[in-house]
């Protein structure tokens, strides 16, 4: 089979590999589509160091071609959850499979990394696939990032009728807008400098968008529209925007750090403000098996619109082009179609 392998920092090559053989309780999936993620970008550039050669790609869906597991047959169409829990540690026993002490990931960042879905075929435990019925494969490839959004919104505890401010409307930010609206949030205010992303945010459910480059103070611009909000969500990964999300959060509210900050980044925070205002500061990492199941359900029920987030479909030899467009902050989601 053909696969696109990371061979060194900044080097990715299409190689010929033997087609994987599924073990007991595993399935072999012919990859129909796999999203290119910021995690892939960091691995490619070396900011997430991994042993090479390694096949990346963890946002995928496809068709089972071989099964050694009960309940799945060749021809079944599935979405792939890349996070494989050990199901033995205390986190797994509590259902917090994303915090597994023996974390294994298909094509993503983790303690142990297996070859991913930038390939014609990928081997997957049967516990990590969800049937998608007649859902388009390209839509099903959004199940993993959508599950991360579901997990984050759950961490934030958004309730019906609560105002939410979202800083950043990239691909995951636009999923967060929709998940928040599905939870009944309102109004939803989005701060995003890109004109097209602001326009799309409004089409997908944002009540109001703000261009932070066109105002003197982003926090003031948001509070002028909605007052202080119950939940401030940061989906960029920068100290400045995390501070903005915190500053727009009302007393007793929640600030959620969804964007991935630099590992060396630090910021100042007044412990008295946290004490006196009772603002909860939450992180959100990855997804649980339950989140993934819910994400697939949302996609199958057409509660989440993802087709408008696809910027380009690329072959295995074009993956570096996706990283270049991400570096220029162009487009939204690139899909690899092996």
**Asked** If residue 271 passes every condition in (1) closer than 30 Å to residue 6 by Cα; (2) more than 16 Å from the chain's Cα centre (by Cα) but one, which one does it miss?
**Response** (1)
**Selection from the range 34-62 of residues that are surrounded by 16 or more Cβ atoms within 10 Å (Cβ to Cβ) and farther than 17 Å from residue 325 by Cβ** = 48, 50, 53, 54, 55, 58, 60, 61, 62
**Message:** Please go through the range 1-58 and give me each residue that is farther than 18 Å from residue 110 by Cα, within 23 Å of the chain's Cα centre (by Cα) and assigned to a loop (DSSP other than H, G, I, E, B), ordered by number.
**Reply:** 10
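May I ask you to list the residues in the range 239-261 that are under 23 Å from residue 98 (Cβ atoms), surrounded by fewer than 22 Cβ atoms within 10 Å (Cβ to Cβ) and free of Cβ contacts under 8 Å to residues at least 60 places away in the same chain? Please lay out each step first, then the result.
Going through the range 239-261, the residues under 23 Å from residue 98 (Cβ atoms) turn out to be 242, 245, 254-261.
Filter once more, so that each one left must be surrounded by fewer than 22 Cβ atoms within 10 Å (Cβ to Cβ): 259-261.
The answer is 261, and nothing else.
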**Message:** Tell me the residue from 317, 321, 262 that is more than 24 Å from residue 196 (Cα to Cα) and part of a helix (DSSP H, G or I), please.
**Reply:** 317
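A quick yes/no check of all residues on (1) outside the structural domain of residue 79 (by TED's automatic domain parsing); (2) at positive phi:
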{"site": "253", "(1), (2)": "yes, no"}
{"site": "259", "(1), (2)": "yes, no"}
{"site": "264", "(1), (2)": "yes, no"}
{"site": "313", "(1), (2)": "no, no"}
{"site": "323", "(1), (2)": "no, no"}
{"site": "329", "(1), (2)": "no, yes"}
**Filtered residue count, the range 182-229, keeping only those that are farther than 16 Å from residue 254 by Cβ and either in contact (Cβ under 8 Å) with a residue 60 or more places away in the chain or not assigned by TED's automatic domain parsing to the domain that holds residue 251 (or both)** = 6
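Looking only at helices (runs of 4 or more DSSP H) that fall completely inside the range 129-195, which ones have 2 or more residues that are surrounded by 24 or more Cβ atoms within 10 Å (Cβ to Cβ) and either modelled with pLDDT of 95 or more or within 12 Å of the chain's Cα centre (by Cα) (or both)?
Working: elements: 137-140, 143-156, 171-182.
Result: 143-156, 171-182.
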**Matching residues in the range 270-294 - criterion: being in a loop (DSSP other than H, G, I, E, B) and surrounded by 14 or more Cβ atoms within 10 Å (Cβ to Cβ)** = 279, 284, 286, 287, 288
**Prompt:** What residue, of 66, 101, is within 15 Å of residue 30 (Cα to Cα) and either assigned to a strand (DSSP E or B) or more than 19 Å from the chain's Cα centre (by Cα) (or both)?
**Reply:** 66
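The values are calculated or read from the model by the stated rules, or taken from the named source; none is laboratory data. Source: prediction; values computed, not measured. Heads up, the Cβs are rebuilt from the backbone with ideal geometry, glycines too, and the neighbour counts pull from every protein chain shown.
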